[in-house]
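Scroll down for the structure; my scribbles are underneath it.
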Amino acid sequence: MNPFDLSGKAAIVTGGNNGIGRAIAIGLASAGASVCIAGRDEKKNENVRLEIEELGHKSISLHCDVNVEADIAAVIAATEEAFGGLGILVNNAGIAALNVPEQMSDEEWSSVIETNLSSVFKFSRAAYPSLAKSGGGKIINISSMYSIFGSPLAASYAASKGGVVQLTKSLAVAWASDDIQVNAILPGWISTDMTAPIRNDMQDLYDSIVARTPAGRFGEPEECAGTAVFLA
C-alpha cells in the first residue's frame, strides 16, 4: 500500500494557479487527488487545470477572491458537486506589501492581513462542515519563515504569517476530535512571482540571502509539493 496515495480525495488549492500553489496542486494530483484550482486569474487557473488533466487526473478551475465569502462558499460547493466531497484544503493564496513600517499605510496593512490571515480563517471555517461530514480531512496552511523572523520591509506579511501559525495551532486543537488535521508549511525564499522583485531589482538583498543559504540559491516551488502531499 502506498501511504502517499490520495486517490479518491478531493482538494481545493487557493492561489493554485501559480508558484507554490501550482506546484502543490500538481503534486496532489500526481498522488491521485482530484483538485480544484481556485484563484482570481481565470486564465491561469485554466492553464493549471489543463496541466493536471494532461497528467490523467480530474481537475476544475474556479474564479475565487479569498476575501469574498460568497466566492469561498461557491468554490466549496462546486468542489463537492464535481468530486463528491472535500477532503483537503490548501490555504495558499497570499500577497505582500514591501514598505518600511513607518511609511506603511492602513490600506497596505489591512489588505495583507485580510488576504493572508483572515481568508485562511474564513475558508477553513467554511470548509469545516464538509470536512467533518466526510469523516475528517486535512487543512494545510502556507505560512512563511517570516512567521518566525522579523522583516524590516514586510512587517504586515510577517505579522500575517505569524498569525497563520497560531491560527493553525488553534484550529488543530479545536477540530482534532473531528479527525481534521491542520498543519502549516513555512517556506523560505522560493522563486515565485512574489519574490521576483528581490531577484530582479534588489541585487544586494538577493546576494545577501543567497550568501546565507547553504544551498546557495532560492528554492523552487516544486520543492514544497512533497511536504504538502505528506501532510495530505
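Values as computed for the structure displayed
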| item | result |
| --- | --- |
| The listed residue being touching a residue at least 60 places away in the same chain (Cβ under 8 Å) and under 30 Å from Asn2 (Cβ atoms), out of Ile37, Ile26, Ile52, Ile60 | Ile26 |
| Qualifying position, being open to solvent by less than 20 Å² (accessible area, probe 1.4 Å), closer than 26 Å to Ile113 by Cβ and modelled with pLDDT under 95, among Ile139, Ile190 | Ile190 |
| Hits in region 11-41 - residues which are open to solvent by less than 10 Å² (accessible area, probe 1.4 Å), touching a strand residue (DSSP E or B) at 6+ places or on another chain (Cβ under 7 Å) and in a helix (DSSP H, G or I) | Gly21, Ile24, Ala25, Leu28, Ala29 |
| Hits in region 60-105 - residues which are closer than 11 Å to Ala38 by Cβ and either at pLDDT below 95 or small (Gly, Ala, Ser) (or both) | Ser61, Ala74, Ala78, Ala93 |
| Matching residues, region 56-101, being within 30 Å of Arg199 (Cα to Cα), in contact with a Gly (Cβ under 7 Å, 6 or more places away or on another chain) and either exposed (fewer than 15 other Cβ atoms within 10 Å of the Cβ) or of a type in the set (Gly, Ala, Ser) (or both) | Ala93, Gly94 |
| Selection status of Ala184, closer than 27 Å to Ser110 by Cα, in a strand (DSSP E or B) and in contact with a helix residue (DSSP H, G or I) (Cβ under 7 Å, 6 or more places away or on another chain) | yes |
| Check on Ser111, without any contact (Cβ under 8 Å) to a residue 60 or more places away in the chain, within 27 Å of Asp178 (Cβ to Cβ) and open to solvent by 10 Å² or more (accessible area, probe 1.4 Å) | no |
| Count of residues meeting criterion [part of a helix (DSSP H, G or I) and under 16 Å from the mean Cα position of the chain (by Cα)] in region 86-125 | 14 |
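The values are calculated or read from the model by the stated rules, or taken from the named source; none is laboratory data. In this text the structure is predicted, and so the values were computed from the model without any measurement. Here the Cβ is made from the backbone with ideal geometry for all residues, glycine too, and neighbour counts use every protein chain on show. Note: areas computed on protein heavy atoms with side chains; ligands, DNA, RNA excluded. Shrake-Rupley method; radii C 1.70, N 1.55, O 1.52, S 1.80 Å.
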